[in-house]
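Student: Take a look at the following structure, please.
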Amino acid sequence: MTEVGRTSCEQKCFWGKGSVLMFHALIVDDERIEREGIRFLIRKHGLPVDVAEAANGEKALTYLLENKVDILITDIKMPFMDGLQLAAKARELDRSLKIVILSAFGEFDYAKRAIPLQIAHYLLKPIEVSEFLDVMRQVIRHCEEDKAKAAEQEKLQSYQRQGVKYRKEKLLLDLIHGSDGSDRAVAKLAEVGW
């Protein structure tokens, strides 16, 4: 596997009531065995997550600039760019990104520095499987809610565009057929941006 690699869930991942939503996660850790362990847990437990990996913060930032990622799982202590620096830059790129910090350090200073970055969760290494799965299920649920909200927003915007288009066409037809005063029809067309 390259230092930045991507693997897909090989089985069909079903989440909730038969839905098949796949989310994209980037695992960032300078220790390959840690990245592979997290990828293994995601696959083994059938989480609906497509996984990419990066060995450090700089490679991860490059990946984030070129790819849509829903979940960032990053270690804190890494060469070149630490996990909190990466989280800050990632947050600037995507406000909706769910960030999970992994650390062998339980120091309050790290947690305190993570608060303004709106970190979804802060997990201590070694990772406990049940805690990791609980966190991932919560994060995936938040991703599902975000996608549902975005879909609803797009639907509403589509209805609004259709409504504006209908009003424009109706006003234009009224103008053509003279069923509305010409001046009033022209004024109404100007109101709807035509």
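The values are calculated or read from the model by the stated rules, or taken from the named source; none is laboratory data. The structure displayed is predicted, hence computed values, not measured ones. Here the Cβ is made from the backbone with ideal geometry for all residues, glycine too, and neighbour counts use every protein chain on show. SASA here: full protein model, heavy atoms, side chains in, ligands and nucleic acids out. Shrake-Rupley method; radii C 1.70, N 1.55, O 1.52, S 1.80 Å.
Student: Which condition breaks for residue 96 when tested against (1) within 20 Å of residue 121 (Cβ to Cβ); (2) at pLDDT 95 or above; (3) not β-branched (Val, Ile, Thr)?
Tutor: With (1) within 20 Å of residue 121 (Cβ to Cβ); (2) at pLDDT 95 or above; (3) not β-branched (Val, Ile, Thr) applied to residue 96, the lone miss is (2).
Student: Consider the range 85-106. How many of its residues are open to solvent by 70 Å² or more (accessible area, probe 1.4 Å) and of a type in the set (D, E, K, R)?
Tutor: Total meeting the criteria: 3.
Student: A further question follows. Can you give me the number of residues within the range 83-126 that are under 17 Å from residue 71 (Cα atoms) and assigned to a loop (DSSP other than H, G, I, E, B)?
Tutor: 7
Student: Any residue at all in the range 107-124 that's closer than 15 Å to residue 27 by Cβ and touching a residue at least 60 places away in the same chain (Cβ under 8 Å)?
Tutor: no
Yes/no per residue for (1) more than 16 Å from the chain's Cα centre (by Cα); (2) among the polar types (S, T, N, Q); (3) at pLDDT 95 or above; (4) surrounded by fewer than 12 Cβ atoms within 10 Å (Cβ to Cβ):
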site: 137; (1), (2), (3), (4): no, no, yes, no
site: 147; (1), (2), (3), (4): no, no, no, no
site: 158; (1), (2), (3), (4): yes, yes, no, yes
site: 162; (1), (2), (3), (4): yes, yes, no, yes
site: 169; (1), (2), (3), (4): yes, no, no, yes
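Student: Do you know which residues across the range 31-67 are open to solvent by 20 Å² or more (accessible area, probe 1.4 Å) and under 19 Å from residue 132 (Cβ atoms)?
Tutor: Within the range 31-67, 31, 32, 33, 34, 36, 37, 39, 40, 41, 43, 44, 45 qualify.
Student: When you scan the range 47-59, do you find a residue that is assigned to a strand (DSSP E or B), modelled with pLDDT under 90 and not basic (Lys, Arg), even just one? Before the answer, list the steps.
Tutor: Step one: filter the range 47-59 for residues assigned to a strand (DSSP E or B), giving 49-54.
From what is left, the residues that are modelled with pLDDT under 90 are none.
Scanning the range 47-59 turns up no residue that is assigned to a strand (DSSP E or B), modelled with pLDDT under 90 and not basic (Lys, Arg).
Student: Are there any pairs, at least 6 apart or on different chains, whose C-beta atoms fall under 6 Å, with the first in the range 82-95 and over 14 Å from residue 54 (Cβ atoms) and the second open to solvent by 90 Å² or more (accessible area, probe 1.4 Å) and not β-branched (Val, Ile, Thr), and if so, which?
Tutor: 84/113
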